[in-house]
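A.B. asks: Have a look at this one.
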Amino acid sequence: MKLATTSAIVTGGASGLGEATARHFAEQGATVTLLDRDAERGKSVAEDVGGHFAQTDVTDEASVTSAIDLALNRMGKIDIAVNCAGIAYGIKTVGKDGPHPLDAFQRTIDINLVGTFNVARLAAQAMAKNDPEPDGGRGVIINTASIAAFDGQKGQAAYSASKGGVAGMTLPMARDLASIGVRVMTIAPGIFMTPMLAGLPDDVRASLAADVPNPPRLGDPAEYGRLAGFIVEMGYLNGEVIRIDGALRMR
């Protein structure tokens with residue numbers, strides 16, 4: 001599968017890893033539809049890359065169904081789905097204000113894990129209708145976990161649980177979708193320069209970067225986008241989680 005001939009949907013496409021992925025795909029000739037809750041920013045990025053936009057709540061079945069219908073109407077098909085939509089809280093299981101608020105935990109799981117599965121299952125249904133590639137492939141789903149899925153830090157119980165779920169469903173989902181020719185991969189980023197980190201003081205960002213063994217810097221979202229593009233074109237990659245973290249192991 002070549003990016004230049006594909007049509008992709010990207011959740012969280014208005015910023016961060018999702019925006020970088022949409023931009024890279026578009027630069028390589030792919031047609032892209034961005035799915036995001038931020039309509040103003042989403043429309044702006046979509047216009048900038050010559051793509052389309054659908055305001056979407058990934059946790060809502062009707063919202064995602066509508067977004068996929070719009071993408072199919074505008075692009076004619078969906079070959080790729082990249083799930084980048086997500087949130088993160090920094091809350092200890094028990095802190096000075098008491099136990100971790102249950103609603104914050106549930107919201108994290110709902111967006112990061114349930115939302116990812118919701119988009120993946122509905123996108124796969126659309127991909128099943130594609131004409132097969134010579135190797136039988138009809139589509140690629142790329143989900144986003146985190147290295148916190150494997151070595152989460154203090155305050156990351158909810159986030160690590162949600163991303164651990166994304167990593168854990170990679171192989172069974174790939175096995176489920178093998179019969180229709182849809183591959184499933186997951187990328188687990190380390191510390192990347194996303195809007196979440198951009199607001200931190202320079203010294204804090206420098207400290208985070210210094211913990212990365214090699215290269216000692218924060219990840220560039222464009223690197224995530226290029227890895228996603230590589231996964232699309234490397235047809236034998238399936239059912240696996242790839243860390244992109246500069247060998248960082250959080251403690």
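A.B. asks: For T56, are the conditions met, namely being surrounded by 20 or more Cβ atoms within 10 Å (Cβ to Cβ), closer than 20 Å to R23 by Cα and either out of contact with any Phe, Trp or Tyr (no Cβ under 9 Å at 6 or more places or on another chain) or modelled with pLDDT of 95 or more (or both)? Walk me through how you get there before you give the answer.
C.D. replies: Values: surrounded by 20 or more Cβ atoms within 10 Å (Cβ to Cβ): yes; closer than 20 Å to R23 by Cα: yes; either out of contact with any Phe, Trp or Tyr (no Cβ under 9 Å at 6 or more places or on another chain) or modelled with pLDDT of 95 or more (or both): yes.
Yes: the conditions hold for T56.
A.B. asks: With (1) under 27 Å from I78 (Cα atoms); (2) at pLDDT 95 or above as the list, and A104 as the residue in question, which single condition is left unmet?
C.D. replies: Of everything listed in (1) under 27 Å from I78 (Cα atoms); (2) at pLDDT 95 or above, A104 misses just condition (1).
A.B. asks: Given the conditions (1) over 23 Å from G219 (Cα atoms); (2) free of Cβ contacts under 8 Å to residues at least 24 places away in the same chain; (3) surrounded by fewer than 16 Cβ atoms within 10 Å (Cβ to Cβ); (4) not hydroxyl-bearing (S, T, Y), report the number of the one that E27 does not fulfil.
C.D. replies: Among (1) over 23 Å from G219 (Cα atoms); (2) free of Cβ contacts under 8 Å to residues at least 24 places away in the same chain; (3) surrounded by fewer than 16 Cβ atoms within 10 Å (Cβ to Cβ); (4) not hydroxyl-bearing (S, T, Y), E27 violates only (1).
A.B. asks: Within the set of pairs 6+ apart or on separate chains, which have a first residue in region 93-119 that is in contact (Cβ under 8 Å) with a residue 40 or more places away in the chain and part of a helix (DSSP H, G or I), a second that is of a type in the set (S, T, N, Q) and buried (at least 21 other Cβ atoms within 10 Å of the Cβ), and C-beta atoms under 7 Å apart?
C.D. replies: Sorted first by the residue in region 93-119, then by its partner, the pairs are T108/S162; I109/S162; N112/S162; L113/S162; T116/N83; T116/N143; V119/T11; V119/N83.
A.B. asks: Kindly indicate the residue of region 1-41 that is among the basic types (K, R) and assigned to a helix (DSSP H, G or I) and also nearest to the chain's Cα centre (by Cα) among those meeting that condition. If you could, list the steps in order and put the result at the bottom.
C.D. replies: Residues of region 1-41 among the basic types (K, R): 2, 23, 37, 41.
From what is left, the residues that are assigned to a helix (DSSP H, G or I) are 23, 41.
Numbers: R23: 14, R41: 18 Å.
Out of the qualifying residues, it is R23.
A.B. asks: Something else now. Do we have any residue at all in region 211-229 that's free of Cβ contacts under 8 Å to residues at least 60 places away in the same chain, β-branched (V, I, T) and either in contact with a strand residue (DSSP E or B) (Cβ under 7 Å, 6 or more places away or on another chain) or not in a loop (DSSP other than H, G, I, E, B) (or both)?
C.D. replies: No, region 211-229 contains no residue that is free of Cβ contacts under 8 Å to residues at least 60 places away in the same chain, β-branched (V, I, T) and either in contact with a strand residue (DSSP E or B) (Cβ under 7 Å, 6 or more places away or on another chain) or not in a loop (DSSP other than H, G, I, E, B) (or both).
The values are calculated or read from the model by the stated rules, or taken from the named source; none is laboratory data. None of the values given here were measured: they were computed from a predicted structure. Virtual Cβ from ideal backbone geometry, glycine too; neighbours counted across all protein chains shown.
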